[in-house]
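S.K.: Could you have a look at this structure, given as structure tokens, before my questions?
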Amino acid sequence: MTYLSIRDLSVRLRNGPPLLRRVSLDVEAGEVRALVGESGAGKSMIGKAVLGILPPSVEISGGQILLDGTDLLTLPPKDRRRRIGASCALIPQDPLTALNPSHRIGPQITDRLVDILGWTRADAEARAKALLAEVQIPDPDRVLRAYPHELSGGMRQRILIASAFAAEPKLIVADEPTTALDVTVQRQVLDLFRDLRRELGTALVLITHDLGVVAGLCDRVAVMYAGRVVERATTDRLFAAPRHPYGAGLLAAMPRVDERPDRPLGTIPGAPPDLRRPPAGCAFRPRCARAAADCAVAPALVGDERDAVACHRPLAGPAAVDGAPGAP
Amino acid sequence: MSTESLLSVRDVTVDYATGRGRLRAVDRVSFELGAGEALGLVGESGCGKSTLGRALLRLVPLAGGEVRWQGRDLARLRRDELRRLRADLQIVFQDPLASLDPRLTIGQSVAEPLEVHRPELGRTAVRERVGRMLARVGLGPELHNRYPHEFSGGQCQRVGIARAMILEPKLVVCDEPVSALDVSVQGQIVELLRELRRDHGTALVFISHNLAVVRRLCERVLVMYLGRTMEFAPSEEFYADPLHPYSRLLLDAVPVPDPRVERARPPLAAGEVASPFAPPSGCVFRTRCPVAVEACARDVPAFEAATGSRRVACLRWGDRVTARR
């Protein structure tokens, strides 16, 4: 069942250039969906649009965001906030700044349950304690009374994760949740996502630039470039046979720790475009080895939710994919 | 110790005075680096790798030990000798934009080390060298008069590398030079560093938390934890068969862009870094170590010769090797 459906969503700077162009994307109930891309690709903007937390300088210029069948963008602001608050949560990137330094940890988890969802204080505290134990935080009672600065970065990120799962939301948006962490802590967080997801069946939108993080956790992937979805695929298909030259380039550019460095890394020349001055036609064209004259016209995203590419000259299809089917 | 070492680091110790008392950031670290070699310094944040990098350049004072540069103690160099040495020893920082002077064009930024260290060169010669160096890192002449804020992170890092390489130094210390960059650009910079090393024979100390990047660039790896060295090994031996349990933990944590590998992974019991203000007795890693025994709380393991040129600080590495056979 489709829980979140984003249809032709466009977002722009007020009176300025577009940041997202007709983005379409479905997330099934309980699915882990990755949004992959480099800085400026627009992946965080999608998460913010869904959660209704776009910065004031940015506006939605078209499209629909259907949450469990209801278009959030047609709801009055108050209803929209209530609906999002009751069923969605955010895990932000930076555990060092996302917690209020002058408040103890406990209320930062429980206030939301009490104020928005109407739980009793005692229920909320019991829930917070159970969740901290779940995310393997030793001595939850002490931690609930602690201030953020008394805890390590890894602990704080686990607390933010516990806090996001606290109200058993249907959908969590995790925006680069492991980027600021050491690899050892990152691995713990990935293990934790895997467990919580299995136990609670929460849908997760994982925003990341790291394909290594995508590989073990996600069912399907949307690759973003310069404000557009350029490829949608199951995780297995993307890693085995990427079709957009950008996705293929990203995979080839990833150094692997389990591989001898015998061949040079693949490189993509140039840098992601400046969104204030987007190139005409396919935005990847200036960096693309396969580009030709027709790439001056932007290609449409053609295909379905499991397999789609926006390219006039895509790489060979997924004929040779093996492994388990990734999508539910 | 070999006399042909470019850099010889012996029992280097660095202390910081903090509000909570003395912090030993680097604790008796020793290693050798030959001309043209690349060493990766790895470990979690707070392990002391960046501080050690700065100690090598005399940017922080030593509380103990010595750094010898081509056989000479860095701490005993005269001012003019140190100045000459600065030309041979360069650093590339993590944040490419913050490490460039915003008031200088990139051409001026890259020319500056030449003007300081090679005053005999005329303006034409400087301009010619700067042009060649910038072309080498992929920045064309049309960009020489631009300012850093007009550049992307990857371009700024190219400028930082050009600035470090313009004097043809013998050693460049790189402190997380690709961590702030996009994946596609990170690959470009890693390949650039590889080529520059090959062409100029520059030695590298490459400080990074990214073990996959270190494998691509470095022949040797030094693993640090809470200021101490855990393992020192040739890269390929290290990646194929790490001897220290901490090395194993670090390698097992790195995500691999391959769904079959990642889905088959068992959960990792990674634990938490102990407080550097109250490091554990004996082996500092024992509180997270899956094979620790009682003796590990009592005895500080020596950083001792293991197989070949490898060294390891672990009471149990020998048991582990025997157990596997």
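The values are calculated or read from the model by the stated rules, or taken from the named source; none is laboratory data. Please read all numbers here as calculations on a predicted model, not as lab measurements. Cβ placement follows ideal geometry from the backbone for every residue including glycine, while neighbour counts extend to all protein chains displayed. Accessible surface areas use protein heavy atoms only, side chains included; no ligands, DNA or RNA. Shrake-Rupley method; radii C 1.70, N 1.55, O 1.52, S 1.80 Å.
S.K.: How crowded by other chains is B:75-82, given as the mean number of beta carbons from other chains within 10 Å of each beta carbon?
M.R.: Per-residue shielding by partner chains comes out at 0.
S.K.: Let me ask something else. With angles folded into 0 to 90 degrees, how steeply does helix A:153-165 sit against the dominant principal axis of chain A? Use alpha carbons for both and round to 10.
M.R.: 90 degrees
S.K.: What does the highest-first list of B:174-180, A:269-275 look like by mean Cβ count within 10 Å?
M.R.: Output ranking for B:174-180, A:269-275: B:174-180, A:269-275.
S.K.: Provide, in order from the shortest bin, the percent of all Cα-Cα pairs of the range B:244-325 in each 5 Å bin, continuing until the bin that contains the maximum pair distance.
M.R.: 3, 12, 20, 21, 18, 13, 9, 4, 0
S.K.: Angle, helix A:183-200 long axis vs. longest principal axis of chain A, Cα atoms, 0 to 90°, nearest 10?
M.R.: It is inclined by approximately 80 degrees.
S.K.: Label points 7 Å out from Cα along the Cβ direction at A:Ala292 and B:Thr287: separation in nm?
M.R.: Rounded to a tenth, the inter-label distance reads 6.3 nm.
S.K.: Can you tell me the orientation of helix A:121-134 relative to chain A, as the angle in degrees between its alpha-carbon axis and the longest Cα principal axis, to the nearest 10?
M.R.: Relative to chain A, helix A:121-134 is tipped by roughly 50 degrees.
S.K.: Can you work out the FRET efficiency for the pair B:Arg146 and A:Ala146, with r the C-beta to C-beta distance and R0 = 35 Å, to the nearest 0.05?
M.R.: 0.15
S.K.: What distance in nm separates the two pseudo spin-label positions at A:Ala122 and A:Arg198, each 7 Å out from Cα along the beta-carbon direction?
M.R.: 3.5 nm
S.K.: Let me ask something else. So for each of A:131-141, A:224-234, A:247-257 I average, over its residues, the number of other beta carbons within 10 Å; can you give me the resulting order with the highest mean first?
M.R.: Final packing ranking: A:224-234, A:247-257, A:131-141.
S.K.: Quick one: Debye curve from the alpha-carbon atoms of chain B only, equal weights, vacuum; give me log10 I(q)/I(0) at q = 0.07, 0.08, 0.12, 0.14 Å⁻¹ to two decimals.
M.R.: Each listed q maps to, in turn, -0.31, -0.41, -0.88, -1.15.
S.K.: Using a 1.4 Å probe on the protein chains only, how many percent of the accessible area of the range A:172-311 belongs to carbon and sulfur?
M.R.: Accessible surface attributable to carbon and sulfur in the range A:172-311 totals 51 percent.
S.K.: Averaged across the residues of A:247-255, what count of C-beta atoms belonging to other chains lies within 10 Å of each residue's C-beta?
M.R.: 5
S.K.: How about the range A:126-162: which trypsin sites (Lys or Arg not before Pro) there are in a DSSP loop, with at most 14 other Cβ atoms within 10 Å of their Cβ?
M.R.: none
S.K.: Points 7 angstrom from Cα along the Cβ direction at B:Glu115 and B:Arg28: gap in nanometres?
M.R.: About 4.8 nm separates the two model spin labels.
S.K.: Go through the range B:211-218 residue by residue and turn each phi into a ³J(HN,Hα) via Karplus (6.51, -1.76, 1.60, θ = phi - 60°); whole Hz please, and just put x for glycine and proline.
M.R.: 5, 6, 5, 4, 4, 6, 10, 10
S.K.: Tell me, what ³J(HN,Hα) does each residue in the range B:37-42 have, in order and in whole Hz, if you take phi through Karplus 6.51 cos²θ - 1.76 cosθ + 1.60 with θ = phi - 60° and put x for Gly and Pro?
M.R.: 7, 10, 10, x, 9, 10
S.K.: Can you give the FRET efficiency to the nearest 0.05 for B:Arg20 and B:Ser45, using r as the Cβ-Cβ distance and R₀ = 25 Å?
M.R.: The pair B:Arg20/B:Ser45 has a calculated efficiency of 0.90.
S.K.: Given Cβ point charges of +1 (Lys, Arg) and -1 (Asp, Glu) and nothing else, what value in debye, to the nearest 20, does the dipole of the protein assembly as shown about its Cα centre take?
M.R.: With Lys and Arg at +1 and Asp and Glu at -1, about 940 debye.
S.K.: Can you give the mean number of other chain Cβ atoms that lie within 10 Å of the Cβ atoms in peptide B:212-222?
M.R.: Mean inter-chain Cβ contacts per residue within 10 Å come to 3.
S.K.: Over the range B:99-167, consider all pairs of different Cα atoms and compute the Kirkwood hydrodynamic radius from their mean reciprocal separation; express it in Å, one decimal.
M.R.: 11.7 Å
S.K.: Tell me which trypsin sites (Lys or Arg not before Pro) from the range A:1-74 have a DSSP coil assignment and no more than 10 other beta carbons within 10 Å of their own.
M.R.: Sparse-neighbourhood loop trypsin sites (Lys or Arg not before Pro): A:Arg14.
S.K.: Something else about it: For a Förster distance of 41 Å, can you work out the FRET efficiency between the beta-carbons of B:Ala302 and A:Leu315, rounded to the nearest 0.05?
M.R.: After rounding to 0.05, the efficiency reads 0.15.
S.K.: Then there's this: Could you tell me whether the protein assembly as shown comes out rounded, prolate or oblate from its Cα gyration tensor? Rule is a ≥ b ≥ c as square roots of the eigenvalues, rounded for a/c under 1.5, then prolate if a/b exceeds b/c, otherwise oblate.
M.R.: oblate
S.K.: Is any residue of the range A:6-41 close enough, with backbone N under 15 Å, to a label point placed 7 angstrom from the Cα of A:Leu75 along the Cα-Cβ axis, and if so, which?
M.R.: A:6, by backbone N distance to the label point.
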